[in-house]
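The block underneath contains the structure these notes are about, expressed in structure tokens.
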Amino acid sequence: MKQTKRVLAAAAAGLLLLAGCGKEDAPAASAPAGTAVETQTVERTDMANENLISGQIIADSAVAVVPTVAGKVTRLNAVAGGTVKKGQVLFTIDTSTITGSYGALQQSYAATKQMTDEAIASAQSAIPLARTAVDTAQTNYDNTLTLFNMGAASQMQLDQARMQLDQAQNQLAQAQSAVTQATAQQKASLAQIQSSMNQISAQASGGTVTAPCDGLVTQVNITEGGMAGQSGPAILIAEGGRTRVSVQVSEELLSQIQVGDAARVTVAAVSPEPFTAQIAQIAPASNAQTSLYEVRLYTPSGVNYPIGAFADVTFFTNRRTDTVTIPSDAILTNGEIQYIYTVTGTTAHKVEIETGVVGAGVTEVTRGLSGGETLVVKGQSYLSDGAAVRIVSGEAAQ
């Protein structure tokens, strides 16, 4: 029994030995050679300094609508943000207090005309009688003069006939003058009444207020049922609907920009996407209170930009064309020395550089690179000159 156990143990040991001799040991996994880095090709591009300044949307040409009469607003047709056409009714004002005396003036006009017409007719009726008297006196004088020349009438008789003729002519002139005076008086009286009526009509017409131009309504300072007066504008209209961006800049920046330069504008109230606008005008003088200069840029047509909305305006200065630019994060410093790493094959090279204009996340390189080099943009902090690298994509550099 003991012998059998020894045989089985020996056989088992042999099998284990054979199994161990038939299996080879697997080699340990080796780490990849070189520091993992991400790279990109150095490019030549255009760039500039970016100067971000806050501005505001304003109407390019603001037209104030002020009513010519004060009173209760009976109807309001305009709303802020709406567009209007020239001549369109914006609102109406109750003018009953103005027109209340118009009827009385009409009655006065009619009564005055009737009365003066009667006075003129009465004066005119005296003219035919006066003219007949003149004719009679003229005939009498002519006859007396004939007799006088024949010696049949005395000088006294001739003088008396002359006096009668003069009196008749004076009476005719007075009758004609009375007609003229009555007519003039009628004209003056009726004109005065008509003037008052015209004034009332003009004031009453002021109760219907229309748009003086085409444009965008930017402010409505009245309400239907409320009062409208002449102390301030009831409505403001951006003529033509055109708006612009007003920006105040310092004298330092002023010297670096000019009319026609492009700027990037973002109006967050409308869209997060910026638009490009050209500088349309630069104020020739600074604001007396702020010592800043106004710069005007026009908004694109077809979009309603709310008046008063803020705008972020980026001005570009120190423009560079066809210059070497690299990501600012790729640059390392050692005191005043700036340097980057480039890669040739699997080897990193430390390159000292000089820089110029700094833009949004990029920097101009004025010495050390010419374009086309393979630049390390991630992992450069772990490198030294001549270090072995391996270029990775989409993997965090170690």
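The values are calculated or read from the model by the stated rules, or taken from the named source; none is laboratory data. On a predicted model such as this, the values are computed, not experimentally measured, just so you know. So basically every Cβ, Gly included, is an ideal-geometry build from the backbone, and we count neighbours across all protein chains shown.
Quick notes on this structure:
- Selection status of Ile57, more than 19 Å from Pro233 (Cβ to Cβ) and in a strand (DSSP E or B): no
- Consider the range 374-386 and keep the residues that are of a type outside the set (Val, Ile, Thr) and part of a strand (DSSP E or B). The one that is surrounded by the most Cβ atoms within 10 Å (Cβ to Cβ) is Leu375.
Residue-by-condition table, conditions (1) out of contact with any Leu (no Cβ under 9 Å at 6 or more places or on another chain); (2) part of a helix (DSSP H, G or I); (3) modelled with pLDDT of 50 or more:
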site: Val7; (1), (2), (3): yes, yes, no
site: Ala12; (1), (2), (3): yes, yes, no
site: Thr39; (1), (2), (3): no, no, yes
site: Asn49; (1), (2), (3): yes, no, yes
site: Ile53; (1), (2), (3): no, no, yes
site: Lys86; (1), (2), (3): yes, no, yes
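- Of the residues examined, Ser250 is one that is out of contact with any Phe, Trp or Tyr (no Cβ under 7 Å at 6 or more places or on another chain) and assigned by TED's automatic domain parsing to the domain that holds Ser291.
- Residues in the range 110-128 that are surrounded by fewer than 12 Cβ atoms within 10 Å (Cβ to Cβ) and in contact (Cβ under 8 Å) with a residue 12 or more places away in the chain: none.
- Within the range 292-309, restricting attention to residues that are surrounded by 15 or more Cβ atoms within 10 Å (Cβ to Cβ) and over 12 Å from the mean Cα position of the chain (by Cα), the residue that is nearest to Arg264 (Cα to Cα) is Val295.
- Failed criterion for Thr366 (all others in (1) more than 30 Å from Gln278 (Cβ to Cβ); (2) touching a strand residue (DSSP E or B) at 6+ places or on another chain (Cβ under 6 Å) hold): (1)
- Some residue of the range 167-175 being free of Cβ contacts under 8 Å to residues at least 12 places away in the same chain, assigned by TED's automatic domain parsing to the domain that holds Gly103 and under 30 Å from Gly100 (Cβ atoms): no
- Scanning the range 358-373 for residues that are surrounded by fewer than 19 Cβ atoms within 10 Å (Cβ to Cβ) and either of a type in the set (Phe, Trp, Tyr) or part of a strand (DSSP E or B) (or both) turns up Val358, Val362, Thr366, Arg367.
- The listed residue being more than 13 Å from the chain's Cα centre (by Cα), surrounded by 14 or more Cβ atoms within 10 Å (Cβ to Cβ) and in a strand (DSSP E or B), out of Ala238, Ala263: Ala263
- The residue that is nearest to Gln176 (Cα to Cα), counting only those in the range 134-165 that are of a type in the set (Gly, Ala, Ser) and crowded, with 16+ Cβ neighbours inside 10 Å, is Ala137.
- Some residue of the range 199-209 being crowded, with 19+ Cβ neighbours inside 10 Å, in contact (Cβ under 8 Å) with a residue 24 or more places away in the chain, among the hydrophobic types (A, V, I, L, M, F, W, C) and under 30 Å from Val84 (Cα atoms): yes
- Selected residue (criterion: modelled with the highest pLDDT) from residues of the range 221-230 that are under 17 Å from Gln203 (Cα atoms) and surrounded by fewer than 22 Cβ atoms within 10 Å (Cβ to Cβ): Met227
- The residues on offer are Thr243, Thr218, Thr223, and the sole one that is more than 23 Å from the chain's Cα centre (by Cα) and hydroxyl-bearing (Ser, Thr, Tyr) is Thr223.
- The residue that is nearest to Gly215 (Cα to Cα), among those in the range 267-304 that are hydroxyl-bearing (Ser, Thr, Tyr) and assigned to a strand (DSSP E or B), is Tyr298.
- Selected residue (only one of Ile340, Ile307 is in contact with a helix residue (DSSP H, G or I) (Cβ under 6 Å, 6 or more places away or on another chain), among the hydrophobic types (A, V, I, L, M, F, W, C) and either touching a residue at least 60 places away in the same chain (Cβ under 8 Å) or outside any loop (DSSP other than H, G, I, E, B) (or both)): Ile340
- Condition met for Gln230 (of a type outside the set (Phe, Trp, Tyr) and either under 15 Å from Val79 (Cα atoms) or not in a loop (DSSP other than H, G, I, E, B) (or both)): no
- Residue within the range 305-317 that is in contact with a strand residue (DSSP E or B) (Cβ under 9 Å, 6 or more places away or on another chain), more than 17 Å from Glu38 (Cα to Cα), among the small types (Gly, Ala, Ser) and not assigned by TED's automatic domain parsing to the domain that holds Ser255 present: no
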